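Trainee: Structure in structure tokens, see below.
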2 protein chains.
Amino acid sequence: METRRDVFQAIADPTRRQIISLIAHKSMNLNAIAEHFEVTRPAISNHIKILYECGIISIAQTGRERFCRIQPKNLREVADWVETFRELWEQKLDSFEEYLNALHSKRKKNGKAKRRRKSHIDTKKNL
Amino acid sequence: METRRDVFQAIADPTRRQIISLIAHKSMNLNAIAEHFEVTRPAISNHIKILYECGIISIAQTGRERFCRIQPKNLREVADWVETFRELWEQKLDSFEEYLNALHSKRKKNGKAKRRRKSHIDTKKNL
DNA sequence: ACAATATGTAAACACTTGATTACATAAATA
DNA sequence: TATTTATGTAATCAAGTGTTTACATATTGT
């Protein structure tokens, strides 16, 4: 409960992801948010607290209402992390070896050269 | 334990994220992976199982060894989700209203027109 | 002033999670 | 064949999580 949560844990919960999507383009106060979900208001209140503590939303109090607004910049940590793997999935290579070839010989247009390197544990078929 | 986990939960654990990074460019068998961490092998074994069940890694068995390889395509769900917010944080707007203006009047180069709309809950200051 | 509204918080609870230790099994190796 | 190696699994446990109900507090409206 008092544990330090990070952004990845914050977005691990589906309800919290829905909250993020819900207020992405429209600030809403807590009750308005809670109306979109089956769970009770205190449950949403807790989710909001977590999102706030992780810097994913900001809260602006006006009178008795607290408007929650997305703080998109701080989702960047997630984006940055997952982006480091984009190069992997965007290469249409079907084997690790081909990937290595492409990576290590970028000068050539043809990264699919079939040359074999000395045997290495990672070059075994099916990896 | 038997719960259906999704990709977001899979990457919520820091150890699992480290495993993903570790094998991103190099398939490794389970013991090799475990050597990189403080926790015991069974703990890593369980993480591997979760990553596998979430489609983040594939496992190729050769003899008694199981080589874990990243399956980067399936990290795409995360990338796709977080990408939907990129437009938000890449806009250097400092208020929601300005964001709306920019969004609703893209024809104009100047999205910062100060025109006011009829009062609405979302237009209160500080949101 | 009083009632309604918006929200926080605490206690309680079931369930999940991440971890360990101990044991089991299959494959490689001496 | 006996031993080491790579790995899975089960039992157990402490902590953490998400939720509810019940109550408290501050603000707004009548």
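The values are calculated or read from the model by the stated rules, or taken from the named source; none is laboratory data. Bear in mind that the values here come from a model prediction, so they are computed numbers and not experimental data. In this analysis, Cβ positions are derived from the backbone assuming ideal geometry, glycine residues included, and neighbour counts consider all displayed protein chains.
Trainee: How many residues, within the stretch B:25-44, are buried (at least 16 other Cβ atoms within 10 Å of the Cβ) and in contact (Cβ under 8 Å) with a residue 24 or more places away in the chain?
Mentor: Looking only at that region, the number is 6.
Trainee: Moving to a separate point now. Given the criteria surrounded by 17 or more Cβ atoms within 10 Å (Cβ to Cβ) and either at pLDDT 95 or above or of a type in the set (D, E, K, R) (or both), does A:Glu83 qualify?
Mentor: So A:Glu83 fails the test.
Trainee: Where residues in the stretch B:2-16 are part of a helix (DSSP H, G or I) and surrounded by fewer than 17 Cβ atoms within 10 Å (Cβ to Cβ), which of them is nearest to DNA strand C (Cβ to nearest atom)?
Mentor: Within the stretch B:2-16, the match that is nearest to DNA strand C (Cβ to nearest atom) is B:Thr15.
Trainee: Quick one: A:Thr15 ticks every box in (1) over 23 Å from B:Arg17 (Cα atoms); (2) within 11 Å of DNA strand D (Cβ to nearest atom) bar one, so which box is it?
Mentor: Failing condition for A:Thr15: (1).
Trainee: I'd like the full set of residues that are under 21 Å from B:Ala12 (Cβ atoms) and either over 22 Å from the mean Cα position of the chain (by Cα) or within 12 Å of chain B (Cβ to nearest Cβ) (or both), limited to the stretch A:38-53.
Mentor: Answer for the stretch A:38-53, where residues must be under 21 Å from B:Ala12 (Cβ atoms) and either over 22 Å from the mean Cα position of the chain (by Cα) or within 12 Å of chain B (Cβ to nearest Cβ) (or both): A:Val39, A:Ala43.
Trainee: Give the stretch A:64-82 a look and list any residue that's among the aromatic types (Phe, Trp, Tyr) and part of a helix (DSSP H, G or I), or say none.
Mentor: A:Trp81
Trainee: What do you reckon, is A:Ala79 among the small types (Gly, Ala, Ser) and either without any contact (Cβ under 8 Å) to a residue 12 or more places away in the chain or over 23 Å from B:Arg17 (Cβ atoms) (or both)?
Mentor: Yes, satisfied.
Trainee: A follow-up question, please. Here is a list: B:Ile70, B:Ile57. Which entry is within 16 Å of DNA strand C (Cβ to nearest atom), within 13 Å of B:Ile23 (Cα to Cα), in contact (Cβ under 8 Å) with a residue 24 or more places away in the chain and within 24 Å of the chain's Cα centre (by Cα)?
Mentor: The unique qualifying residue is B:Ile57.
Trainee: Test of understanding: among B:Ala10, B:Ala24, which residue is among the hydrophobic types (A, V, I, L, M, F, W, C) and more than 8 Å from every other protein chain (Cβ to nearest Cβ)?
Mentor: None of the other options fit; the residue is B:Ala10.
Trainee: Go through the residues of the stretch A:58-65 one by one and say whether even a single one is closer than 17 Å to B:Ala79 by Cα and within 10 Å of chain B (Cβ to nearest Cβ).
Mentor: No, the stretch A:58-65 contains no residue that is closer than 17 Å to B:Ala79 by Cα and within 10 Å of chain B (Cβ to nearest Cβ).
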